[in-house]
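Report on the structure given below.
Read-outs: derived from the displayed coordinates by stated rules, not from any lab. Everything quoted here is computed from the prediction, not taken from an experiment. Cβ placement follows ideal geometry from the backbone for every residue including glycine, while neighbour counts extend to all protein chains displayed.
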Amino acid sequence: QVQLAESGGGLVQAGGSLRLSCTASGTIFSINTMAWHRQAPGKQRELVAAVTSGSSLIYGNSVKGRFTISRDNAKSTVNLQMNNLKPEDTAVYYCAAADSDRNYWGQGTHVTVSS
């Protein structure tokens, strides 16, 4: 089992920045990919960014050039630096981790971007 704990959400004005952090605990040696997803009110959950165990990076089209995902295996953390935030980035952001059997999810952290 893997447990994920997110931090760093909050309220920011458009154009501002936030940094989200997620720390994994439990059977962390089994984790392959770590990622951030988000879900806005009334919308489906979508991938924001992911980093594989081989350090390949994947970004959603709407955040390319503005968000940066990074992973520290020694600390079992994955971070999401979000710059030039837009009101449409408002959502609950979820940390996710995958091993060979299943996906694990954090509780989510709220990000609100005011115009």
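For the residue pair Ala14 and Ala74, what label-to-label distance in nm results when each label sits 7 Å from Cα along the Cα-to-beta-carbon direction?
4.1
Using the Karplus equation 6.51 cos²θ - 1.76 cosθ + 1.60 (θ = phi - 60°), what ³J(HN,Hα) coupling, rounded to whole Hz, does each residue of the stretch 33-47 give in order, writing x for Gly and Pro?
These are the phi-based 3J(HN,Hα) values: 9, 10, 8, 10, 10, 9, 9, 8, x, x, 10, 6, 5, 10, 6 Hz.
Amide H neighbours of Val2 under 5 Å, counting only residues 5+ apart in sequence or on other chains, H built in-plane at 1.01 Å?
Those lying under 5 Å, H to H, from Val2 are Thr27.
³J(HN,Hα) across the stretch 49-57 via Karplus (A = 6.51, B = -1.76, C = 1.60, θ = phi - 60°), whole Hz, x for Gly/Pro?
Karplus values, whole Hz, x for Gly and Pro: 6, 9, 9, 7, 5, x, 6, 6, 10.
Once you place label points 7 Å from the Cα toward the Cβ at Asn61 and Ala40, how far apart are they in nm?
Reported label-point gap for Asn61 and Ala40 is 1.4 nm.
Name the lysines eligible as straight-distance cross-link partners of Lys64: C-alpha to C-alpha under 25 Å, and not fewer than 8 places from it in the same chain.
Lys43, Lys86
Just to check I understand the Karplus step: with θ = phi - 60° and J = 6.51 cos²θ - 1.76 cosθ + 1.60, what whole-Hz values come out for the stretch 109-114, glycine and proline as x?
9, 7, 10, 10, 10, 8
What Kirkwood hydrodynamic radius do you get for the stretch 46-115 when you take the inverse of the mean 1/r over all pairs of distinct Cα atoms, in Å? Each step should come with its number before you reach the end.
Working: mean 1/r = 0.0757 Å⁻¹.
Result for the stretch 46-115, one decimal place: 13.2 Å.
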